[in-house]
Amino acid sequence: MAQIKNIGLFTSGGDSPGMNAAIRAVVRTAIYYNIEVTGIRRGYEGMIKGDMFPMDRKSVSNIIQRGGTILKTARSEQFKTPEGRKLAYEQLKKNNVDALVAIGGDGTFTGAKIFGHEYDIPVVGLPGTIDNDLCGTDFTIGYDTAINTVIDAVDKIRDTAESHDRLFIVEVMGRDCGLIALRTGIAAGAEAILIPESKTGLQAVFERLESGRKDKSSKIIMLAESGEAGDAFEIGRQIKERFPNYDTRISVLGHIQRGGRPSCMDRVLACRVGVAAVEALRNGHHNEMIGLIHNEIAYTPFEHATKHNTDINPNFLKIVEILSI
Ligand code: F6P
């Protein structure tokens with residue numbers, strides 16, 4: 001096993017709060033073990049273009065509390081092609097990078113998996129996405145902050161919903177995963193939750209509205225984006241048609257969910273997996289995501305991490321049903 005001398009570090013895909021804390025952890029741990037770090041800007045895009053620079057202890061000062069990513073991020077189409085990956089490899093060689101730490105989500109690890117098999121360069125990944133849609137970690141970096149941002153917003157929406165006796169459909173992010181909607185729906189006291197993983201769909205929401213107390217002054221329906229039933233505007237239209245007496249409004253929370261100072265949970269998670277990533281590379285790990293399962297560091301091959309089968313706890317939906325009476 002060749003000794004690692006220079007780690008290339010990048011963030012890729014949608015940014016998430018806590019990525020900076022992870023960057024800091026990787027850089028400082030590498031320095032601790034006498035390994036150099038090369039920062040790569042804008043993920044795979046920057047790798048292809050050779051947009052790289054040496055990082056030191058000071059380049060990650062005063063970033064642990066900042067949202068976004070100081071390394072910038074992008075979604076690269078070129079890296080999906082063999083030609084793009086060849087260019088990326090050549091640039092890494094030119095900059096003497098002999099290992100990689102990728103911080104990102106599903107798309108990032110799909111790219112890393114292919115690259116790690118094609119080229120002789122060890123790659124490990126840190127789960128950085130608000131969606132919490134990766135297998136091999138209980139939580140992803142950014143999820144905790146995002147769900148706290150969501151409940152903060154929904155609490156405010158509740159104030160106006162209550163004042164006007166309104167029903168609000170609140171649409172949250174998550175790509176094709178309903179975990180943001182599910183957890184925040186419980187925490188915000190939603191009447192119903194509509195997520196791609198639930199088989200009952202919009203019909204269950206209608207039933208819930210029909211059977212629920214009619215004297216409730218405000219109602220919140222938490223909707224995950226990209227569900228089969230349609231977006232918040234389509235669902236709002238259908239609810240208006242079926243329940244014309246409800247004064248219905250839509251609120252799409254959007255990218256506010258990706259910003260802001262990372263929570264304590266996200267910072268600690270980022271620090272733990274950041275340290276573990278460098279140690280994993282030193283110990284010969286390759287093509288794995290470093291996560292936390294039951295509060296212990298866990299190593300999951302990229303192909304399993306991106307399997308899209310994060311389970312939804314059915315009890316969570318039952319909890320909403322019971323508590324929203
Ligand atoms: O993966 C993070 C995420 O915020 C998803 O929840 C969302 O579907 C997507 O990224 C939005 O991507 P973009 O910022 O490129 O529109």
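The values are calculated or read from the model by the stated rules, or taken from the named source; none is laboratory data. Please read these numbers as outputs of a predicted model, since none were measured by experiment. Reconstructed Cβ throughout: ideal geometry from the backbone, glycine too, with neighbour counts over all protein chains shown. Note: accessible area is taken over every heavy atom of the protein model, side chains too, but ligands, DNA and RNA are not part of it. Shrake-Rupley method; radii C 1.70, N 1.55, O 1.52, S 1.80 Å.
At 1.4 Å probe size, with the rest of the protein present, what percent of the exposed accessible area of the chain is carbon and sulfur atoms?
That fraction is 51 percent.
Please tell me the relative contact order of the chain in percent, rounded to the nearest whole number, where contacts are Cα pairs under 8 Å and at least six residues apart.
Computed over the chain, the figure is 24 percent.
Over the chain, with a Gaussian network built from C-alpha contacts below 10 Å, which listed residue (Ser263, Ser61, Ser76) shows the highest mean-square fluctuation?
Maximum fluctuation in the GNM of the chain, among the listed residues, is at Ser61.
How would you classify the stretch 181-248 from its alpha-carbon gyration tensor, with a ≥ b ≥ c the square roots of the eigenvalues: rounded for a/c under 1.5, else prolate if a/b is greater than b/c, otherwise oblate?
Oblate shape, in that a/c is at least 1.5 and b/c is the bigger or equal ratio.
Give me the lysines in straight-line cross-link reach of Lys214: C-alpha distance below 20 Å, same-chain residues under 8 apart excluded.
Lys214 reaches Lys240.
Tell me, how many Å apart are the Cα centres for the stretch 153-169 and for the stretch 234-303?
Result: 25 Å between the Cα centres.
Send over a whole-number figure in Å² for the accessible area per residue of the stretch 144-258, probe 1.4 Å.
47
Would you list the P(r) distribution for the chain, with all Cα-Cα distances sorted into 20 Å bins from 0 and each bin expressed as a whole %?
Histogramming the chain at 20 Å steps yields 33, 48, 18, 1 percent.
Please state the shape class of the stretch 144-258: rounded when a/c is under 1.5, otherwise prolate if a/b exceeds b/c and oblate if not, all from the C-alpha gyration tensor.
Here the stretch 144-258 falls in the oblate category.
Mind checking which lysines have their C-alpha under 29 Å from Lys94, skipping anything on the same chain fewer than 8 residues away?
Counting by Cα, and skipping residues close in sequence, Lys94 has these lysines nearby: Lys5, Lys49, Lys58, Lys72, Lys80, Lys86, Lys113.
Taking the Cα centre as origin and putting +1 on Lys and Arg beta-carbons and -1 on Asp and Glu beta-carbons, what dipole magnitude results for the stretch 144-258, to the nearest 20 debye?
160
Tell me the angle of helix 314-323 to the major Cα principal axis of the chain, expressed in degrees between 0 and 90 and rounded to the nearest ten.
The angle comes out near 40 degrees.
How many percent of DSSP beta bridges within the chain run antiparallel, rounded to 5?
Of all bridge pairs located within the chain, approximately 25 percent are antiparallel.
Identify all lysines with a Cα-Cα distance to Lys199 below 20 Å; exclude those on the same chain that are fewer than 8 residues away in sequence.
Excluding near neighbours in sequence, the set is Lys307, Lys318.
Would you mind checking the tilt of helix 106-118 against the longest principal axis of the Cα atoms of the chain, expressed as 0 to 90 degrees and rounded to 10?
So the helix axis and the longest Cα principal axis differ by about 30 degrees.
Can you run phi through the Karplus equation (6.51, -1.76, 1.60; θ = phi - 60°) for the stretch 167-173 and list ³J(HN,Hα) in whole Hz, with x for Gly and Pro?
9, 10, 9, 10, 9, 10, 7
Name the residue farthest towards the positive end of the dipole of the stretch 177-303 from the options Ile220, Thr200, Leu281, assuming +1 on Cβ of Lys and Arg, -1 on Cβ of Asp and Glu, about the Cα centre.
So the residue furthest toward the plus end is Ile220.
With +1 assigned to the C-beta of every Lys and Arg and -1 to the C-beta of every Asp and Glu, and no other charges, what is the dipole magnitude of the stretch 106-212 about the Cα centre in debye, to the nearest 20?
Magnitude of the dipole: close to 60 debye.
Given the DSSP H assignment, sum -39500 (n - 2.57) over each helix run of at least 4 residues in the chain and divide by its residue total; what's the result at 222 nm in deg cm²/dmol, nearest 500?
Using -39500 (n - 2.57) per qualifying helix, the result is -12500 deg cm²/dmol.
Under the classification rounded if a/c is under 1.5, otherwise prolate if a/b is larger than b/c and oblate if not, where does the stretch 1-67 fall, given a ≥ b ≥ c as square roots of the Cα gyration tensor eigenvalues?
Oblate, because a/c is 1.5 or more while a/b does not exceed b/c.
I'd like the orientation of helix 143-164 relative to the chain: the angle between its Cα long axis and the longest Cα principal axis, in ° from 0 to 90, rounded to 10.
Once rounded, the angle reads 20 degrees.
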